[in-house]
1. Exactly one of these conditions fails for A:D100: (1) within 26 Å of A:E43 (Cα to Cα); (2) modelled with pLDDT under 95; (3) within 16 Å of the ligand (Cβ to nearest atom). Give me its number.
2. How do the helices (runs of 4 or more DSSP H) wholly within region B:63-161 filter down when requiring 1 or more residues that are crowded, with 24+ Cβ neighbours inside 10 Å and away from every other protein chain (no Cβ under 14 Å): which remain?
3. Could you please give the count of residues in region B:184-226 that are part of a loop (DSSP other than H, G, I, E, B) and more than 14 Å from the ligand (Cβ to nearest atom)?
4. State yes or no: is A:L61 surrounded by 20 or more Cβ atoms within 10 Å (Cβ to Cβ) and either away from the ligand (no atom under 15 Å from the Cβ) or part of a helix (DSSP H, G or I) (or both)?
5. Anything in region A:21-59 that is small (G, A, S) and more than 7 Å from every other protein chain (Cβ to nearest Cβ)? List them, or say none.
6. Any idea how many residues of region A:103-132 are near the ligand (Cβ under 9 Å from one of its atoms) and under 20 Å from A:C65 (Cβ atoms)?
7. For region B:363-409, what are the residues that are of a type in the set (K, R), under 21 Å from B:G155 (Cα atoms) and away from chain A (no Cβ under 14 Å)?
8. Here are some residues: B:E300, B:E309, B:E315. Which one is within 21 Å of B:D450 (Cα to Cα), within 14 Å of chain A (Cβ to nearest Cβ) and surrounded by fewer than 24 Cβ atoms within 10 Å (Cβ to Cβ)?
Amino acid sequence: MRGVTTETPPGALPERTKPLVLISTVASDAHTWNLVFLQLLVEELGHPVVNLGPCVPEELLAQACREHRPDLLVMSSVNGHGFRDGLSAIRHLRAQPDLDPFPAAIGGKLSTSDSDDPERVRELVEAGFDAVFMDGSAAVSTFRRFLASVERPTGVHPPQHRQWTVPLSGKAAP
Amino acid sequence: MTSAPALVGAPAAPAARPPEAGFAAFVRRARARGELVVQPRMGFGSPALMRAGLRATRDAEATTVGTLTLDSYTRVGDLAAARGAAADGSDLNGYPLVTAAAHDTRWMLGGLAGPDFPVQVRHGSAVPQDIFRALVRAGLDATEGGPVSYCLPYGRVPLSTSLSNWTDSCLILAPLREQGREPHLETFGGCMLGQLCPPSQLVAISVLEALFFTRLGVRSVSASYAQQTSPEQDREAVAALRRLCTELLPRDSVDWHIVIYAYMGVFPGTVGGARALLRSAAELATLTGAERLIVKTVVESRRIPTIAENADALELAARSAENVRGAAKALGARVDDAPTAAPATDADSQVYQEAAALVEAVLNLDADLGRALAHAFRCGYLDIPYCLHPDNAGRARSYLDTAGRLQWAELGSLPLRHLVRARSAAPVTSGELLTALGYVQRTFDSMADDDPAGGSHDATAQGEPR
Ligand code: B12
């Protein structure tokens, strides 16, 4: 949300002291409260955040990764299509020759049943997710620990501006 | 925007008597018998399950209409994914009406959908033309949504594109009248993001969407309102919605009713809490004289409900409505019986004044309602708290007061300064956001004395992120 997104003073190139986190959801998922919550949480832990908003097509996700060079991608989906769409999204990302592998996590309500299927979690990990947070009481605290473990950034590609540089509507960036 | 001259003024069609078949006619007949129509939010990927679900809805001990909720791939127009998921047996979160084989859909509806059991298509698309064409092909004529309510909360489509898509879609539906069918369109504007939007703006958007539909020639509409955090404020809101519809919808050519949505935000996790919340939605519908109620089930907080869970919710809602009605009558209290009855709530409530001010400000922006709506969001005359869409100004903020009413914390440019003294809001933290989102869940779970619905449950929202 613009009101809470980390702002960069005009003209200043941001020093990346903490890993930059890119927050996204899958292509078919319209839910945003989960994204707003995660953005606030991650920002409170001191990380700069780029939040791509709802229904992120795979190509837009890849483009955002190129543009922002995130130190961590956090995907969230709750509409029940997270397994299928998440799998497809991470395969797409990992297949981009110009994107060096960087840590990626996914969480939420990933399927339409409420039981975690370990088989499907393994599939997500094999396809390239470093962590999968199944919905549950421990998800958020485990996620905080995971976030703390993410490596310091290399800082080679500081983003020009972090605020909604990837347009939510697919229109040209301002 | 497509230039649609019809948007400028209501086509003053001759006052025809509304036909006796169709969605709205069914609702009207139920109303005449004093019955609340109840409806699920049901959608399954498989035609067999979907058919079983419709049958169970029809056969429930309640006055019901059926629902065909579409899956998220169809909603965003990713028809390849909808086909792929159906083919490889992945679970879809709804019925893929656009890509499903025509004979499957015909079989699924056959002998069920009809004048005595109308079926409505529910979707969530800002690009709904294909969905409208598909539902017409399937012999259906009732659906819902809106150019604002299925755009801002639902994805990345620019508002101006959604407005022109919804214009086209109304123009697909409206001509069905020439074939003796009465197409029906319900606004989703009474829901928006489901939670934390002050009721006056929900009422305003719902009314504006109903006007949008009728100006494009749809003559049977319903205006929605989703239950929020305070029963008293909700009653004011429904009364305000009814009054504004009465004041603004063309009296002689448009048939309309009010539909209540059981709470659309983070739901209680206990069976007792979820049932109590549904009962209070039925109470709201009954006391405000709403004609129809869309229910939620005891597993809402966790997963897509089964057919049995849906049928249960329908029956609970119908029984609760009956009880409230009986009790109110016994006490001699006024239950708003007919759309024309005077509301039992203060007609000039705060909610009404705010909603009327919002509607008026938008209508004054442009004679073309589509352009007026686009302009309203651009200049912040409408502004949805916490909505991420770039066409939303994002400066208005809400808070829950100590009585549980949703209030404005920041107005941004909302034209409400003469009515509301906003208190300046400190930036919200993740914990505070969860606390606000979890208010209804906590309130109702604390009244329940049972275990979480169906075993292991994780409260979606609690005070502190763990
Ligand atoms: C509000 C809501 C909506 C609003 C969303 C508005 C918006 N723009 O956000 C509206 C009404 C528009 C909506 C629409 C739909 N919804 Co909805 N919605 C909800 C509801 C009621 C609350 C969600 C919410 O706001 N939660 C608050 C946030 C802060 O919490 P959260 O999302 O649950 O996430 C928590 C955890 O999961 C976790 N988490 C989430 N992501 C991640 C990621 C990581 C890395 C980690 C560590 C943790 C984590 O952290 C959060 C805090 O604890 C839930 C049910 C419920 N919970 O009561 C259904 C629900 C999520 N919706 C559902 C569905 C299916 C839909 C629809 C497809 C319609 C339909 N068929 O019923 C459409 C979506 C269309 C689309 N294209 O996706 C289902 C999903 C079912 C499933 N997974 O099997 C649910 C569970 C309802 C149900 N029982 O059927 N919805």
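The values are calculated or read from the model by the stated rules, or taken from the named source; none is laboratory data. Just so you know, these numbers come straight off a predicted model, no measurement behind them. So basically every Cβ, Gly included, is an ideal-geometry build from the backbone, and we count neighbours across all protein chains shown.
1. Only one criterion in (1) within 26 Å of A:E43 (Cα to Cα); (2) modelled with pLDDT under 95; (3) within 16 Å of the ligand (Cβ to nearest atom) is unmet by A:D100, namely (3).
2. Numbers: elements: B:72-76, B:79-87, B:102-109, B:129-137.
Because the criterion is at least 1 residues that are crowded, with 24+ Cβ neighbours inside 10 Å and away from every other protein chain (no Cβ under 14 Å), the helices (runs of 4 or more DSSP H) in region B:63-161 that meet it are B:102-109, B:129-137.
3. Step one: list which residues in region B:184-226 are part of a loop (DSSP other than H, G, I, E, B), which gives B:188-198, B:216-219.
From what is left, the residues that are more than 14 Å from the ligand (Cβ to nearest atom) are B:198, B:216-219.
Total satisfying the criteria: 5.
4. Values: surrounded by 20 or more Cβ atoms within 10 Å (Cβ to Cβ): yes; either away from the ligand (no atom under 15 Å from the Cβ) or part of a helix (DSSP H, G or I) (or both): yes.
When the stated conditions are applied, A:L61 passes them.
5. A:S24, A:G46
6. Within region A:103-132, the subset near the ligand (Cβ under 9 Å from one of its atoms) is A:105-114, A:131-132.
Restricting the remaining residues to those that are under 20 Å from A:C65 (Cβ atoms) gives A:105-108, A:131-132.
The qualifying residues number 6.
7. Residues of region B:363-409 that are of a type in the set (K, R), as a first pass: B:371, B:378, B:395, B:397, B:405.
From what's left, under 21 Å from B:G155 (Cα atoms): B:371, B:378, B:395, B:397.
Hit for region B:363-409 is B:R371, nothing else.
8. Working: B:E300 fails: surrounded by fewer than 24 Cβ atoms within 10 Å (Cβ to Cβ); B:E315 fails: within 14 Å of chain A (Cβ to nearest Cβ).
Exactly one of B:E300, B:E309, B:E315 is within 21 Å of B:D450 (Cα to Cα), within 14 Å of chain A (Cβ to nearest Cβ) and surrounded by fewer than 24 Cβ atoms within 10 Å (Cβ to Cβ), namely B:E309.
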